[in-house]
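Down below is the structure, laid out as structure tokens.
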Amino acid sequence: MRTRFAPSPTGPLHLGHAYSAMLAHDMARAEGGDFLLRIEDIDQSRARPEWEELIFEDLAWLGIIWDGPVLRQSDRMDAYEAALTSLWRQGLLYPCTCTRRDIAEAASAPQEGAPLLGPDGVIYPGTCRPGWVVPPEMDLPRDVALRLDMGQAVARAFDHRVGKAGAERVAEFEETGHGPNGERGIMEIDARHMTREVGDVVLARRDMGTSYHLSVVLDDAAQGITHVIRGEDLFEATAIHVTLQRLLNLPTPIYHHHRLIRDEAGKRLAKRDDARAIRLYRDEGASPEDIRRMVGL
Ligand code: GLU
């Protein structure tokens with residue numbers, strides 16, 4: 001068993017991060033497995049070395065020891081580009097020049113009804129999707145967002161059989177924790193759900209040359225992660241990750257989504273919840289055991 005903790009160095013770790021890290025760490029250690037650390041710093045406009053330093057300090061203070069070297073996403077741009085090139089050559093990507101505003105306007109045009117929301121926000125209405133297949137000799141475009149043609153992707157990557165919801169193409173993953181609605185067990189992903197309720201997600205952002213979805217899938221495979229343990233807010237993104245694993249011939253790990261740590265008002269903690277920063281508890285003299293108790297471990 002090999003798990004990981006994958007924080008973004010864009011703010012202080014708070015109680016929710018501590019819970020996620022301790023849970024993944026404890027589960028790996030209970031099985032005699034490995035626990036790895038990955039710094040998700042593809043958003044260079046928000047990542048800061050001092051936040052990364054604080055992550056190391058907070059984890060060490062919590063008693064979390066990671067195995068092997070830390071993987072930093074900003075060192076992996078070549079791997080991301082190679083995967084994008086492969087998807088591009090298969091005709092599965094297309095350049096998109098829409099702004100957020102263009103998308104919001106197209107998605108809320110009167111004939112469209114209320115805009116549908118997917119895991120990445122408003123579902124892309126397909127404005128830039130070409131009616132042609134990219135010629136294989138054409139180079140991967142740069143400085144433009146690249147979207148996955150989800151219809152082509154599921155047609156290529158999903159199994160040909162009728163699923164429970166009636167779709168002719170399905171894929172699966174195993175959930176050993178739970179999704180936000182108690183989803184658990186073998187999860188069936190329906191091709192129709194992917195095209196209608198997820199849509200053509202961005203795999204390379206114009207300003208980044210990659211995306212959360214692409215990087216996380218490639219890195220989990222590169223680090224040999226067998227069990228992805230993370231918050232239930234990422235449950236819906238898992239279907240995108242499984243689709244990418246199939247397109248890129250990567251194994252699908254077991255997923256274990258966990259409950260989110262909330263404040264007194266029931267709102268999930270975010271990076272701006274500095275009041276729950278591990279750093280502050282440390283400074284106030286709390287012990288790692290206190291933190292464990294606070295998050296219910
Ligand atoms: N970097 C993500 C975060 O900080 C976690 C990604 C994942 O666990 O898949 O929320």
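The values are calculated or read from the model by the stated rules, or taken from the named source; none is laboratory data. Not measured: the values here are computed from a predicted model. Because the Cβ atoms are built from the backbone with ideal geometry, glycine has one as well, and the counts that use them run over all protein chains shown. Side chains are part of the model used for accessible areas, which takes the heavy atoms of the whole protein and leaves out ligands, DNA and RNA. Shrake-Rupley method; radii C 1.70, N 1.55, O 1.52, S 1.80 Å.
Considering only alpha-carbon pairs that sit under 8 angstrom and 6 or more positions apart, the relative contact order computed for region 1-115 is 26 percent. Extents of the chain, largest first, come to 62, 41, 41 Å (Cα atoms, principal axes, whole angstrom). Assuming charge only on the beta carbon of Lys and Arg (+1) and of Asp and Glu (-1), the dipole of the chain about its Cα centre is about 440 debye to the nearest 20.
Inter-part distance, region 21-42 to region 150-189, computed on C-alpha centroids, equals 26 Å.
For the chain, CYS98 have no disulfide-compatible partner, since no other Cys C-beta lies under 4.7 Å from theirs.
Counting only protein heavy atoms and a probe of 1.4 Å, the accessible surface of the chain is 50% carbon and sulfur. Using +1 at the Cβ of each Lys and Arg and -1 at the Cβ of each Asp and Glu in region 1-122, identify which of HIS14, GLY32, PRO95 lies farthest towards the dipole's positive end. About the Cα centre, the residue reaching furthest to the positive side is PRO95.
Fully extending the segment from VAL295 to ARG101 would add 65.9 nm, taking 0.36 nm per residue of separation and subtracting the current Cα-Cα distance. Only protein heavy atoms count here; on that basis, with a 1.4 Å probe, GLU197 has an accessible area of about 90 Å². For the chain, the 222 nm mean residue ellipticity estimated from helices alone, with every DSSP H stretch of n ≥ 4 adding -39500 (n - 2.57) and the total spread over all residues, rounds to -9500 deg cm²/dmol.
In region 48-163 the Cα-Cα distances spread across 10 Å bins starting at 0 as 10, 27, 26, 22, 13, 1 percent of all pairs. Proximity of backbone amide H atoms, modeled 1.01 Å from N, is registered between ARG4 and LEU36, ILE229 at under 5 Å, excluding neighbours fewer than 5 places apart on the same chain. Solvent exposure of region 181-265 amounts to 40 Å² per residue of accessible area, where only protein heavy atoms count and the probe is 1.4 Å. Each part gets one Cα centre, and for region 59-104 versus region 221-297 those centres are 18 Å apart. Figure note: LYS267, LYS164 ranked by solvent-accessible area, largest first, 1.4 Å probe, ligands and nucleic acids not counted: LYS164, LYS267. Averaged per residue, region 54-159 has 54 square angstrom of accessible surface, using a 1.4 angstrom probe with ligands and nucleic acids left out. Sorted largest first, the spans of the alpha carbon positions of region 168-240 along the three principal axes are 36, 30, 21 Å. Compactness of region 1-113, taken as the C-alpha radius of gyration over 2.2 N^0.38 Å, stands at 1.44. As a ratio to 2.2 N^0.38 Å, the alpha-carbon radius of gyration for region 122-252 is 1.09.
Ranking ALA237, GLN152, SER215 by Cα position along the charge dipole of region 145-297, where only Lys, Arg, Asp and Glu carry charges on their C-beta atoms, puts GLN152 farthest toward the positive end.
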